[in-house]
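Structure record follows, encoded as structure tokens.
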Amino acid sequence: MKIITKDLYDAALSIAKNNFIADEPLGSSIGLQWTPDFEAFFVKTFDYGMSVILLDRATGEPIGIRATRPMFKSEPISTDGITDEKLLIWFRFYLGAMEENNIYKRYGVEEGIHFMGLTVDKKYRRRGFGIKLMKAAVQLVEELNIRPIVIQGEGTSNYSKRICEKIGFETIGEAKFEDFVEDGQVVFNNTGEHKSMKVFVLEIK
């Protein structure tokens, strides 16, 4: 397990590009593609130096990533400069759910940690690597020695929800995909068994 430094950006981005879009129910539902806007968002996240990557010890191949960034009440996530309409739709749903389940109001904090983009390469799945990545990311946050600190994450697939629940995250909200309507139409169709996004938090005191 390593922090994603610049020499590992290409490996980390390859995991996100080849797996995240296909796996994330909302993105696959609307045909979201890997665009320069999406890559720039991941790169900006990696630039904070809080994301982790798991590499195969034998081959050096990337197994998976847990992208992590700080959250600030005074600096909400901005979509300025994003021109990809499908990515903007994706952000509108996410940011709406985050605002509805606002950790700043709920916990009385000015900042927090945001977990986004948990991804494991298809060839390495069903071996517990998702949980390993989550635990490593939580440990990294604990080592920052910021107390109290609240970690927020969102689970749109049943798999990511189970991982969050297994390691002790609390569900503070849920947004059903069928309730997200724009221009009189349900936006997210064909999400299969995945029907909602849960907003999770872990408070470290």
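The values are calculated or read from the model by the stated rules, or taken from the named source; none is laboratory data. Keep in mind that what you see is a predicted model, and the values were worked out from it rather than measured. In this analysis, Cβ positions are derived from the backbone assuming ideal geometry, glycine residues included, and neighbour counts consider all displayed protein chains. Just so you know, the surface numbers come from the protein's heavy atoms only, side chains and all, with ligands and any DNA or RNA stripped out. Shrake-Rupley method; radii C 1.70, N 1.55, O 1.52, S 1.80 Å.
Overview of values
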| read-out | value |
| --- | --- |
| Where Met1, Met134 fall by accessible area, highest first, once all protein chains stay in place (1.4 Å) | Met1, Met134 |
| Volume of the Cα convex hull of region 1-126, divided per residue and given in Å³ | 123 Å³ |
| Choice from Arg66, Arg162, Arg126 with maximal GNM fluctuation in the chain (Cα, 10 Å cutoff) | Arg126 |
| Under-5 Å amide H pairs with Glu61, H placed in peptide plane, nonlocal only | Asp56 |
| Electrostatic dipole magnitude of the chain [Cβ: Lys, Arg +1; Asp, Glu -1; Cα centre; debye, to 20] | 980 debye |
| Spatially proximal aspartates and glutamates relative to Lys123 (Cα-Cα < 15 Å; intrachain offsets below 8 disregarded) | Asp23, Asp56, Glu61 |
| Gain in span if fully extended, Asp179 to Ile131, counting 0.36 nm per residue against the direct Cα distance | 14.3 nm |
| Aspartates and glutamates whose Cα lies under 15 Å from that of Lys86, excluding same-chain neighbours fewer than 8 positions away | Glu24, Asp37, Glu39, Glu182, Asp183 |
| Mean Kyte hydropathy of -1.0 or more with a Cα span along the axis of at least 15 Å, helices from DSSP in the chain | 36-47, 85-100, 129-142 |
| Neighbourhood charge, 12 Å Cβ-Cβ cut-off, centred on Lys135 and excluding it, Lys, Arg +1 and Asp, Glu -1 | +2 |
